[in-house]
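Asker: Take this structure, written in structure tokens, and hold onto it; I'll ask about it next.
The values are calculated or read from the model by the stated rules, or taken from the named source; none is laboratory data. Bear in mind that the values here come from a model prediction, so they are computed numbers and not experimental data. Backbone-built Cβ (ideal geometry, glycine too); neighbour counts: all protein chains shown. Just the protein is used for accessible areas: all its heavy atoms, side chains included, with ligands, DNA and RNA removed. Shrake-Rupley method; radii C 1.70, N 1.55, O 1.52, S 1.80 Å.
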Amino acid sequence: MPTYTFKLRSDAGWVADNVGATLADNASAYRYARCVARELMRCRELQTRCWLLEVYRDGQGPLFDILFANVDPTLDHLRCELRVLVEKANEKKRALKDVVHDIGLTVRESQALLARSSGRPHLISENGEITIRNFA
């Protein structure tokens, strides 16, 4: 059976699951990911609606992702049009947060490259992420 791993894209950054879960098929992985998202957002739905859970199969590229707003049970009382608006707003919020995250990575990488080129000490990694991408 295939192993599915997950990457959480939250406000605090990205957290990758390196162990994963052995599941029967993609449909099982989708149901499992929905349950994980609901569990992570329980009692803090408003703060986590823009979080995203990416699902990978056997270390390949992402199969699919789940925006927490799409599985938020506290939105079930809304009319369909309003729920769609909330989901779209949170998609845009997630996209903005991803851009801000990428900008932060680029700034840290630039600072490290400048420091390295002038022989000064620099940050090698932060929160498990290599500062200078493609650095051998």
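Asker: How about segment 50-72: which of its residues are farther than 20 Å from residue 92 by Cα, in contact (Cβ under 8 Å) with a residue 12 or more places away in the chain and not hydrophobic (A, V, I, L, M, F, W, C)?
Answerer: Listed by number, the residues that qualify are 56, 57, 58, 59.
Asker: Would you confirm, using the coordinates I've provided, whether residue 133 is outside any helix (DSSP H, G or I), open to solvent by 90 Å² or more (accessible area, probe 1.4 Å) and not polar (S, T, N, Q)?
Answerer: Yes; evaluated as a whole, the condition is true for this residue.
Asker: With respect to residue 57, determine if the residue is of a type in the set (Lys, Arg) and either touching an Asp or Glu at 6+ places or on another chain (Cβ under 6 Å) or under 17 Å from residue 16 (Cα atoms) (or both).
Answerer: Taking the combined requirement at face value, the residue satisfies it.
Asker: Where in segment 1-120 are the helices (runs of 4 or more DSSP H), entirely inside, with at least 2 residues that are of a type in the set (A, V, I, L, M, F, W, C) and open to solvent by 40 Å² or more (accessible area, probe 1.4 Å)?
Answerer: Because the criterion is at least 2 residues that are of a type in the set (A, V, I, L, M, F, W, C) and open to solvent by 40 Å² or more (accessible area, probe 1.4 Å), the helices (runs of 4 or more DSSP H) in segment 1-120 that meet it are 26-41, 80-117.
Asker: Let me ask something else about it. Quick check on my filter: what residues within segment 1-28 are among the small types (Gly, Ala, Ser), within 17 Å of the chain's Cα centre (by Cα) and over 11 Å from residue 58 (Cβ atoms)?
Answerer: 10, 12, 13, 16
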